[in-house]
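Working notes for the structure below.
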Amino acid sequence: MTGADGDAAGRHLITLALAHVAAALDGGLTASTVGMTQSQARGLLMGLEVQERRMHALRLRLIGESVAHDRTVPSDDPRAGCDAGGVTRRRPAGVGTAAWMRTALKVSGARAGTEVRAATLLDPQDGDLRELGAALAAGDTSAEHVKVGCRVMARIRGTCGSPDGRSWRWR
């Protein structure tokens, strides 16, 4: 993969970005704060807040990408599951990603479900709250605002427990 999606060694640009973030954090965590003024500390805290918001937007984008792959599990794949009569069926979108998040990322089931629904609603192409997603990616709004937006959408549509989030669609 080269060009817009990666480098000559085949590493995706997001992989490269994460490596740069890790290196920058290592530098920041080992740097001394001796001699820093309160104004400097507060300015850095403001900058850190914006970057945390942007990182959350990237996290939701990657969750959305994983959810999109959940939807592509073919009906003859054993991961799709079976109904009571033994007939294979498709797994509901997002269930695989939420379960994986609970196991691999060690997050609660509630957080995993909330983030899967948020990723679906904030999808940049067709999410009902894509403008909110863009504001999060720009660092202009917080994860708390996203949670409120998603809760409002759940109440509007009456699907608080929908595992796929797609039932919230109103277009």
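The residues neighbouring residue 49, those whose beta-carbon lies less than 15 Å from its own, together hold a net charge of 0 under the Lys/Arg +1, Asp/Glu -1 convention.
Highest mean packing comes first when the peptides 132-141, 13-22 are listed by Cβ atoms within 10 Å, giving 132-141, 13-22. Separation of the range 38-54 from the range 101-129 is 25 Å, based on Cα centroids. Residue ranges 60-69, 106-115 sort as 60-69, 106-115 when ordered by packing (mean number of other C-beta atoms within 10 Å per residue, highest first).
What is the calculated FRET efficiency for residue 58 to residue 34, with r their C-beta to C-beta distance and R₀ = 30 Å, to the nearest 0.05? Here the calculated transfer efficiency is 0.40. Take the Cβ atoms of residue 48 and residue 147, set R0 to 25 Å, and the FRET efficiency comes out at 0.80.
No value in this document is a laboratory result; all are computed from the given coordinates. Just so it is clear, the model here is predicted, and its values are computed rather than measured. Counting neighbours? That spans all protein chains shown, and the Cβs are built from the backbone with ideal geometry, glycine included.
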